[in-house]
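Worksheet: the structure to be examined is printed underneath.
The values are calculated or read from the model by the stated rules, or taken from the named source; none is laboratory data. Because the structure is predicted, anything quoted here is derived from the model rather than measured. Positions of Cβ are generated from backbone atoms using ideal geometry, with glycine treated the same way; all protein chains shown enter the neighbour counts. These area figures cover heavy atoms from the full protein model, side chains too; ligands, DNA and RNA do not enter into them. Shrake-Rupley method; radii C 1.70, N 1.55, O 1.52, S 1.80 Å.
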Amino acid sequence: MSDFSRFVSQHKAALIVSAVVGVTTVAGTVYYLNQQKQLPPSPPPSSKKSKNKRKKQNKKKKASEAKTTLYPVDPQTGLPKITDEIVNTLSDEEKSSWALSLKESGNEYFKKKDFETAIAYYTNALQCRIDPVFYANRSACYAALDKDDKVVEDTTEALKINPSYNKCLLRRAHAYENMEKYPDAMFDLTALTIHGGMNDHSNEVMLERVLKKHSLRIDQEEYSNLPKELPSASSLSSFFGAFAPPDIDLDESKHSRSLRRS
Ligand SMILES: *[C@@H]1O[C@H](CO)[C@@H](O)[C@H](O)[C@H]1NC(C)=O
């Protein structure tokens, strides 16, 4: 077999996919072929141990090859170029494999903290197939970028499909807390506790924290109408001191402790 015919037979599937999709414009093909040529030739097999190792490496290489060949890529940006028109030509199986491949790339960019690129990949994965995991993954990127409203959007989509998706409940609760939508955060945390998901203790801690912030804000709102000039601390203590019998323990911390317990 000549090098070229071996190349064609090895990459038949990818070539067919590109042809179906219509990316086999001359420029696209030339780009594709050049990409492939740059891959180093695989060394001849030797011992069994290194063979296994190589198998792993080949697997890895195959995965990254699939990324550049499975779906069309914009040669300018290197990002996938997926439109609804293209997706409509795919079988369900192809849609799934494209989606998984796109999601995996998204995960890789997420690990590299390139959240914008990861978002692009997850968005493309969602174009191929709606999956709550892809929404969840994308919401993780938005969380990392402090885009709380987007976190709420994506986790809400995921929860519509899978209402007991604990990771999404927790992530949405955090976003709501950041947005100072405390009752919404408490709602999610309560659902999380009912599902018995995640770390019960950290749920409790978070619920308590959100509750505190919420009641603090209610206090502030209710008392904001009161006159701003309150009596000074010293005049208050002498006021209360006047009513306290001399043998009463005025240590405040003890009182609040016993209050909290009851
Ligand atoms: C994407 O979702 C999968 C499955 O839940 C998970 O293993 C992976 O860590 C997620 N990646 C990100 C970036 O959230």
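Brief remarks follow.
- No other residue among D219, D200, D188, D249 is modelled with pLDDT under 65, open to solvent by less than 100 Å² (accessible area, probe 1.4 Å) and out of contact with any Pro (no Cβ under 7 Å at 6 or more places or on another chain) apart from D249.
- Residue match in the stretch 81-89 (condition: in contact with a Pro (Cβ under 7 Å, 6 or more places away or on another chain), within 13 Å of the ligand (Cβ to nearest atom) and not small (G, A, S)): no
- Pairing each residue of the stretch 98-125 that is on the phi > 0 side of the Ramachandran plot with any residue that is assigned to a helix (DSSP H, G or I) and open to solvent by 30 Å² or more (accessible area, probe 1.4 Å), provided the two are 6+ apart or on different chains, yields C-beta distances under 9 Å for K113/A144.
- Members of the stretch 136-152 found to be touching a helix residue (DSSP H, G or I) at 6+ places or on another chain (Cβ under 8 Å), more than 10 Å from the ligand (Cβ to nearest atom) and closer than 28 Å to V73 by Cα, listed by number: Y142, L145, K150, V151
- Scope the stretch 145-166; condition open to solvent by 50 Å² or more (accessible area, probe 1.4 Å) and at pLDDT 95 or above; matching residues: L145, D146, K147, D149, K150, E153, E157, K160, I161, N162
- Scanning the stretch 167-184 for residues that are away from the ligand (no atom under 16 Å from the Cβ) and surrounded by 17 or more Cβ atoms within 10 Å (Cβ to Cβ) yields A173, Y176, E177, K181, Y182, D184.
- Any chance K59 is modelled with pLDDT under 50, assigned to a helix (DSSP H, G or I), farther than 25 Å from S139 by Cα and more than 29 Å from the chain's Cα centre (by Cα): no
- Residue satisfying all of: in the stretch 74-98; under 18 Å from E116 (Cα atoms) and of a type in the set (A, V, I, L, M, F, W, C); surrounded by the fewest Cβ atoms within 10 Å (Cβ to Cβ) among these: L79
- Selection within the stretch 136-150 - more than 23 Å from T83 (Cβ to Cβ) and assigned to a helix (DSSP H, G or I): A136, S139, A140, Y142, A143, A144, D148, D149
- Subset of the stretch 102-117 (residues that are closer than 22 Å to I161 by Cα and either within 10 Å of the ligand (Cβ to nearest atom) or not in a helix (DSSP H, G or I) (or both)): K103, E104, G106, N107
- Residues that are part of a helix (DSSP H, G or I) and under 15 Å from L90 (Cβ atoms) were ranked within the stretch 121-135; the one that is nearest to the ligand (Cβ to nearest atom) is A125.
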